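Worksheet for the structure shown next.
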Amino acid sequence: MKGKLFAISDLHVAYAENRTVTESLVPETDEDWLVLAGDVAERREDVEWALRLLSERFSKVIWTPGNHELWTHPQDSCDLRGEHRYLDLVELCRSLGVATPEDPYPVWRGEGGPVTVAPLFLLYDYSFRVPGASTKEESLRRAHDAGVVCTDEYFLHPDPYPERDEWCRERVRETERRLEALAPSERTVLVNHYPLVRAPTRVLRYPDFAQWCGTELTADWHKRFNAVTVVYGHLHIPRVTWYDGVRFEEVSVGYPREWQRRAPRGRLRQILPLPVSSAASAGGEKR
Ligand SMILES: [Fe+2]
Ligand SMILES: [Fe+2]
């Protein structure tokens, strides 16, 4: 197998410029896989457009939701909320042959393999609190006071769970059970919309936003579950960092106003085989 495993996230295809970016994504070989780490779009028809396009081009597409797919947006013909919305998107993926967090984890057997590619849907639980806040409520109140409030608070409904953090904890429990069932020798690529550790959020322009960016419950998963690489998005700060010798790749595109002012960077990030440049820089930024 001569293919490569690529990853990208935060395509946000509601923006015309990002639609053009999405249309430009092509595999190098007919055996390439593509990981989509969330925030494809808000409206169901936009999500479908992107997934259909990419699933016709890549040998396998693996998707995990971002917060934006889970919004119940007033301009969306699909008015499903919370878990129903997520499961509807899972069914959409399955109809297109796209793997989801609800499916058996695909195993990459190309160069750099075998590696289990695990798309995770974990959400956040407000545990990346603002400094000094001892409770979720206090942390949220301080973010409201500072005017830094994630739009999820209005559009991402946790139904049937009472709160988003309860949905998160249930997802963490269920996902942990599945990952624990893997053989200890099995190497993994863990794919989640949010970073599994808090450290990447330290460079956010608005630090109070971190509470919508993950959970402390996954702080050791990259070590416990034998990760070769952790793939994530959401922060719109594409870069590579290393924690405990594990590569963390933020693969986001972000909004046009963000990517248009950045230095050009390959759109598709190569995850496997491990790029030579990454292997050489394993001694770089560490926690
Ligand atoms: Fe995003
Ligand atoms: Fe996001």
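A short reminder: the numbers here are calculations on the coordinates, not readings from a lab. These figures come from a predicted structure and were not determined experimentally. Cβ: placed from backbone, ideal geometry, glycine included. Neighbour counts: every protein chain shown.
A few remarks follow.
- Cα-based shape type of segment 176-287, given that a ≥ b ≥ c are square roots of the gyration tensor eigenvalues and the cut on a/c is 1.5: oblate
- Computed about its Cα centre, the charge dipole of segment 103-230 is approximately 480 debye, with only Lys, Arg, Asp and Glu carrying charge at their Cβ.
- Net length gained if the chain between LYS223 and GLU56 were fully extended (0.36 nm per residue, minus Cα distance): 56.7 nm
- Calculated FRET value between ARG177 and ASP79, using beta carbons and R₀ = 25 Å, to 0.05: 0.20
- Computed from the alpha carbon atoms alone, the convex hull of the chain holds 129 Å³ per residue.
- Extension gain for VAL107 to THR29 (0.36 nm times residue separation, less C-alpha to C-alpha distance): 26.3 nm.
- Computed from the Cβ-Cβ distance with R0 of 25 Å, the FRET efficiency linking ARG262 to ALA146 stands at 0.45.
- Applied to segment 155-172, the Karplus parametrisation 6.51 cos²θ - 1.76 cosθ + 1.60 on θ = phi - 60° returns per-residue 3J(HN,Hα) values of 10, 9, 8, x, 3, x, 7, x, 9, 4, 5, 6, 4, 4, 5, 5, 4, 5 Hz, with x for Gly and Pro.
- Ranked packing of 38-45, 202-209, most packed first, by mean Cβ within 10 Å: 38-45, 202-209
- Size of electric dipole in the chain: Cβ of Lys, Arg +1 and of Asp, Glu -1, about Cα centre, debye, nearest 20: 1120 debye
- Calculated [222 nm] ellipticity per residue, helices only, for the chain: -8000 deg cm²/dmol; basis is -39500 (n - 2.57) per DSSP H run with n ≥ 4, divided by all residues, nearest 500.
- Partner aspartates and glutamates for LYS4 [C-alpha distance under 12 Å; skip if fewer than 8 residues away on the same chain]: GLU28, ASP30, GLU31, ASP32, GLU111
- With an a/c value of 1.5 or above and a/b not larger than b/c for the gyration tensor axes a ≥ b ≥ c computed over the alpha-carbon atoms, segment 1-105 is described as oblate.
- Separation of segment 116-191 and segment 240-277, taken as the distance between their Cα centroids, equals 22 angstrom.
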